[in-house]
Each structure stands twice: as structure tokens, then as C-alpha cells.
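Quick note: the coordinates plus some simple rules give every number you see, no bench work behind them. As the structure is a prediction and not an experimental result, all values here were calculated from the model. When we count neighbours, we look across all protein chains shown, and the Cβ atoms used for this are built from the backbone with ideal geometry, even at glycine.
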Amino acid sequence: MANLVRVSCLVLLASLLALPVRAETLLRLAETATVSVHPDELAASLRAQTVGATAAEAQAKVNAAMAGALARAKAVAGVAVATGGYNVYRLGPTGNDKDRTERWQGSQGLELKGHDGAAMLKLVGELQQAGLAVGQLGWRLSPEAMRKARAEATRQALAALRGRADDAAAALGLAFDSFKEVRLDSVPPAPGLRMAMAAPMAAAAPAPPSAEAEDVPVSATAEADIVLKPR
């Protein structure tokens, strides 16, 4: 009986070995999708600069200017406020032979961001009139808006990848079987892509500045090794 079972197993093994071996077909594809998203956050960089006869005087002046700017900015609902770099340094004499007065300059940055463009622009205009200079002003995507845009771009890239896989398989007389490996990569916008640069503006600005929003492109790439099978 044992010999009979052994013989049956050998016959089955030989039958399996006699079957044609079909190597799997691998297809490597990549797709990039881009979505255009309207920016939802207005950001501004400002700077308070003062000059004094001594370091203490310049420091006191810039401290007072920044305290007033902070109080004004924090009074506007929905605006996030942060201070930037702070320094006080010696400028030296004026250069006039008759006036050898020593001068010191104090400086500190102020960073603002908010979703309400009208309120932000009004605030920036008020701070300009108070003596602060604007270095940057422009629209950008908030972190949450960027996350949603990347997720949508990734979804579109994967859908396009599967469509191309089906088309390629049909052209080869095969059928889609599975994704063997998938690699995802999102490409963030270049730094400052939609941030408008502005030269320092006069303190007595007659009207708030303007900042027009432009759609921001956000891209994602999907690359995969795809297994194809016979139809």
C-alpha cells in the first residue's frame, strides 16, 4: 500500500513538472497628477526700525514700536502673530564733518498670517502708517489646504496609473493582476512660489496694500511595478 501511495505521488509530481511554466510579466509605470488650489492664507512680514543716539535709546524706541504693533495685530480676530529677529547695532557718525553724532539702529521683525484677506490687508496698512516697513506680502496654502491638495493629487495619480496599466495590458494581450510595489511622492510648490515680494513702503501709506491670490499647483507622483497575467 505504501509503495502504491509513493508511486501515485511520483506520478502527480511528474505531471506537475510537465506543465508549462509561465513567467510573470512585470510592467513599470509612473504617473504625475497636478491639482490647482486657490490659496487660503495671507502672510505678511514687516519690520520696525528705529534710530537713537545711544543703544539704549534705539532699543527703547524699537521696543515701543513693536509693543504698539503687537497690540494692534492681536486685536484683529483670526490673525496669528509672531515676532522675528531682533537686533540693535551701531551706525556710526552721520558723515557730516560738522556733525559727528553717533547713531544706533534698532530693528525687529513681525510675522502675520490669517485667512481673512480684507482684515489682514487693513491691518498691514495700519501698521505701515504706524511706521513699519513691509518686506513680504502674499497668499499661500495653509498646511491643512496643502495636505488636502496632496491627497487629491495622489488619488488622481493612482487612478491614472491603474488606467495606464489596463491599457498596456490590453495592448500586450494580457490582463492586470496586481500591484507588486507602489511608490508615492508629492512635490511641494517651490518656496515663495506665490509670495509677492514688496519693497519697504512709506509709513504714511494712503490706502491698505493689495494682494491678489493666484491658484497654486500641487503635484504628486505614483510609480509602481505591476504584475500582468494571461487572459
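Once you sort the root eigenvalues of the Cα gyration tensor of the range 37-76 as a ≥ b ≥ c, which label holds: rounded (a/c under 1.5), prolate (a/b larger than b/c) or oblate (the other case)?
Numbers: a/c = 6.86, a/b = 2.47, b/c = 2.78.
Cα axes put the range 37-76 in the oblate bin.
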Residue order, fewest to most beta carbons within 10 Å, for K229, K61: K229, K61
Can you give the FRET efficiency for A207 and S186, using 1/(1 + (r/R0)^6), R0 = 35 Å, r = Cβ-Cβ distance, to the nearest 0.05? 0.35
Packing-ranked peptide list from 40-48, 136-144, 24-32, highest mean Cβ count within 10 angstrom first, is 40-48, 136-144, 24-32
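Of the listed peptides 147-154, 211-218, what is their order by residue-averaged count of other C-beta atoms within 10 Å, with the highest listed first?
Numbers: 147-154: 17.9, 211-218: 15.9.
Per-residue mean Cβ counts within 10 Å order the peptides as 147-154, 211-218.
Contour minus end-to-end for D177 and A67, with contour as 0.36 nm per residue of separation and end-to-end as the Cα-Cα distance? Don't skip to the answer; put the middle values down first.
Numbers: separation 110, 0.36 × 110 = 39.60 nm, distance 6.55 nm.
Stretched fully, the D177-A67 segment lengthens by 33.1 nm.
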At what distance in nm do the modelled label points of E152 and E214 sit from each other, each positioned 7 Å from its Cα along Cα→Cβ? 2.0
Please give the contour-minus-distance gain from E102 to Y89: 0.36 nm per residue of separation, less the Cα-Cα distance, rounded to one decimal in nm. 3.6 nm
Hey, rough spin-label estimate for A118 and A77, points 7 angstrom out along Cα→Cβ, what's it come to in nanometres? 1.3
Starting with the highest mean, order 71-81, 109-119 by the number of other Cβ atoms within 10 Å, averaged over the residues of each peptide. 109-119, 71-81
In whole Å, what are the Cα extents of the range 41-140 along the three principal axes, biggest one first? 51, 21, 20
